Amino acid sequence: MSDKSRKPQDPETDVHEDPDEPAFDWMKPTAPGGSSAAPSGQVPVQPESRADRKAAESADVEPEPPLFAETVADAPTSRQPSHYSEPLPTSALQVRPPEDEVARRNAEREQAAKVKPMGPRIFQVLLAVFFPVILLVLAVRAVTSPLFLWVEYNRPGFPGDGYGFSTDDRMTYGSYAVDYLSNWSGPRYLGGLVNQDGAKLFKDSEVAHMADVKMVILTSFGAGLLLILLSIIAIAYLRKRSEGGVRRGLFAGSIVTLVIIIGLAVLAALSWQQFFTEFHRIFFANGTWTFSLEDTLIRLFPGQFWVDAGIVIGALVFLAATVTFILTWPTRRRRGLDSKSAAEEEASSTEIDDDGEAEGLRKDTNDTVA
């Protein structure tokens, strides 16, 4: 090969330019008739850029058939609709039940809304039941105290002891008996006491009866303390769950207390001796609470003492129940009706003011237009 022979030249390549022409015939766009070649005598027009080719290809793609009935209804009639259409997702909500069924459901809903929960009612009833018992226990505790003894022994008209006890003797020995009822000492607390001549102050039968009385008193005090704790729980519950529940419970309890105390007062006034006897028969066995006039218990606590104690207990309970009755009387303010009426009046006045302002605005508008 001679030097003068022509050397083959490399084809010109430019990697940075895109000729936008397909490299093979199968990449050319097909004609509407399905052949890739252009009709004879015509030069096929190629898209100028790659974006134009993509737009041309997407124009030839048929759209997918619609999935739902509404889309099928809106689709062009020229295309064949799909044989399957899903039901509307809210089609079940379009079915309305009969009118009587709707009325029955509304009536049941209103009745359920009007029914009050049972919890507050139960606690109100418990508070009403506990209230008279608590007042009675507190009144008994006030009577079984040295203060009441001192008032009784020193009040004018209280009968003296015909067997030699002075007021100081009664106060000393009576204080032992009262203290024994509320402390945790055994029968020896009274059985070991002696009088001035060295003889035993209380007989064994008297000590045994005081032990029985102590059991009743301590039991009642314990029950009263338990009821006080339960009442505090009921009050705390009602304050959170029921507006006015505490007031209604105490109001009902005061009524129950007044009825009970008035009934007992009538029975005691008609026949005190029978009332006193029946009371002892309830708590003590027969023959364990009867003593002679010479016994120490009768000399310290004569019949007048028990009459006065019953009057004081009844008076204290009656006074506390009456005050509670007055303080919990269901007035309009306590029932919240005044606040509701004020709110309604304020709402009505606001509506009137709004109507007046609207009327004034309409007048101003009419004047302006005129």
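The values are calculated or read from the model by the stated rules, or taken from the named source; none is laboratory data. The model shown is predicted, which means the values in this text are computed figures rather than measured ones. Please note: Cβ atoms are built from the backbone with ideal geometry, for glycine as well, and neighbour counts cover all protein chains shown. Heads up: the accessible areas ignore ligands, DNA and RNA and are worked out on the full protein's heavy atoms, side chains in. Shrake-Rupley method; radii C 1.70, N 1.55, O 1.52, S 1.80 Å.
Of the residues in the range 204-222, none is in a loop (DSSP other than H, G, I, E, B), of a type outside the set (Gly, Ala, Ser) and in contact with an Asp or Glu (Cβ under 8 Å, 6 or more places away or on another chain). Among the residues of the range 151-174, those identified as in contact (Cβ under 8 Å) with a residue 12 or more places away in the chain, assigned to a helix (DSSP H, G or I) and surrounded by 15 or more Cβ atoms within 10 Å (Cβ to Cβ) are GLU152, TYR153, ARG170, MET171, TYR173, GLY174. Within the range 291-300, the set of residues being closer than 20 Å to TYR180 by Cβ and open to solvent by 20 Å² or more (accessible area, probe 1.4 Å) comprises PHE291, ILE298, ARG299.
The set of residues from the range 226-276 being in contact (Cβ under 8 Å) with a residue 12 or more places away in the chain and outside any helix (DSSP H, G or I) comprises SER242, GLU243, GLY244.
Touching a residue at least 40 places away in the same chain (Cβ under 8 Å) and under 41 Å from the mean Cα position of the chain (by Cα): is that true of ALA223 in this structure? Don't jump to the end; show me each part of the working.
Numbers: touching a residue at least 40 places away in the same chain (Cβ under 8 Å): yes; under 41 Å from the mean Cα position of the chain (by Cα): yes.
Considered against the rule, which asks whether it is touching a residue at least 40 places away in the same chain (Cβ under 8 Å) and under 41 Å from the mean Cα position of the chain (by Cα), ALA223 comes out as yes.
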